[in-house]
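The structure appears right after this line, and notes come after that.
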Amino acid sequence: FKIKNILSNEVNFETKKTKHTINKSNDSKNQNINKNNFAVGIDIQNIGEFIKLVEGNNLKKSDFIKDYFTDKEIAYSESRPDMMETICGIYSAKESIRKTGNKNDFKKIEIIHINGRPTCKNYHISISHSAGVCVAVCIQT
């Protein structure tokens with residue numbers, strides 16, 4: 001959508017399944033919102049604080065890690081040059097998914113990587129790390 005459409009009180013945008021038209025009005029009865037079932041979640045983590053949760057920097061022996069992550073997520077993190085940064089990013093991605101309204105246990109939300117790109121069923125995910133923090137954003141499709 002474009003700014004000029006927002007200023008003219010009408011916004012059009014398309015998702016995979018539905019075209020949306022939002023007419024802005026002070027009267028909520030006059031709003032036309034064609035809903036599609038999608039949501040956005042975002043999370044940010046301080047990597048240094050996250051590392052304190054992992055006993056001895058050993059992912060396989062950490063009770064915290066075993067409670068929140070699947071074996072695949074742990075193995076993937078261990079295969080990366082900075083495993084703590086990677087596992088923290090995966091945790092942030094899980095948090096962002098929960099913020100879309102997903103009430104599943106953390107272990108049931110599995111982040112897998114295909115060609116280095118994080119993914120989870122019914123979600124598009126992006127994870128980034130910089131200056132001691134990681135951030136993840138997801139879009140539920």
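Note the full-extension length gain between residue 51 and residue 99 as 0.36 nm times their separation in residues minus their Cα-Cα distance, in nm to one decimal.
Details: separation 48, 0.36 × 48 = 17.28 nm, distance 2.22 nm.
Length difference between fully extended and current span is 15.1 nm.
Run through every distinct alpha carbon pair of the stretch 52-141 and return the Kirkwood hydrodynamic radius in angstroms, one decimal place.
Evaluated over the stretch 52-141, this radius sits at 13.2 Å.
For the pairs 61/121; 61/99; 72/121, flag any whose C-alpha to C-alpha distance is greater than 25 Å.
61/121; 61/99
In square angstrom, rounded to the nearest 10, how much accessible surface does residue 80 have for a 1.4 Å probe?
Residue 80 exposes around 110 Å² with every protein chain in place.
Would you kindly state how much longer the chain becomes between residue 141 and residue 67 on full extension, computed as 0.36 nm times their sequence separation minus their alpha carbon distance, in nm to one decimal?
Stretched out fully, the residue 141 to residue 67 stretch lengthens by 24.0 nm.
Counting only protein heavy atoms and a 1.4 Å probe, tell me what percentage of the stretch 59-127's accessible area is made up of carbon and sulfur.
Its accessible area is 43 percent carbon and sulfur atoms.
How many angstrom lie between the C-alpha centres of the stretch 39-55 and the stretch 107-132?
For the stretch 39-55 versus the stretch 107-132, the Cα centre distance is 13 Å.
Quick check: net charge around residue 132, other residues with Cβ under 14 Å of its Cβ, Lys/Arg +1 and Asp/Glu -1?
Overall, the nearby charge balance is -2.
The values are calculated or read from the model by the stated rules, or taken from the named source; none is laboratory data. Computed from a predicted structure; not experimentally measured. We place every Cβ from the backbone using ideal geometry, glycine too, and count neighbours over all the protein chains shown. Accessible surface is based on the protein model in full, side chains and every heavy atom, while ligands, DNA and RNA are left aside. Shrake-Rupley method; radii C 1.70, N 1.55, O 1.52, S 1.80 Å.
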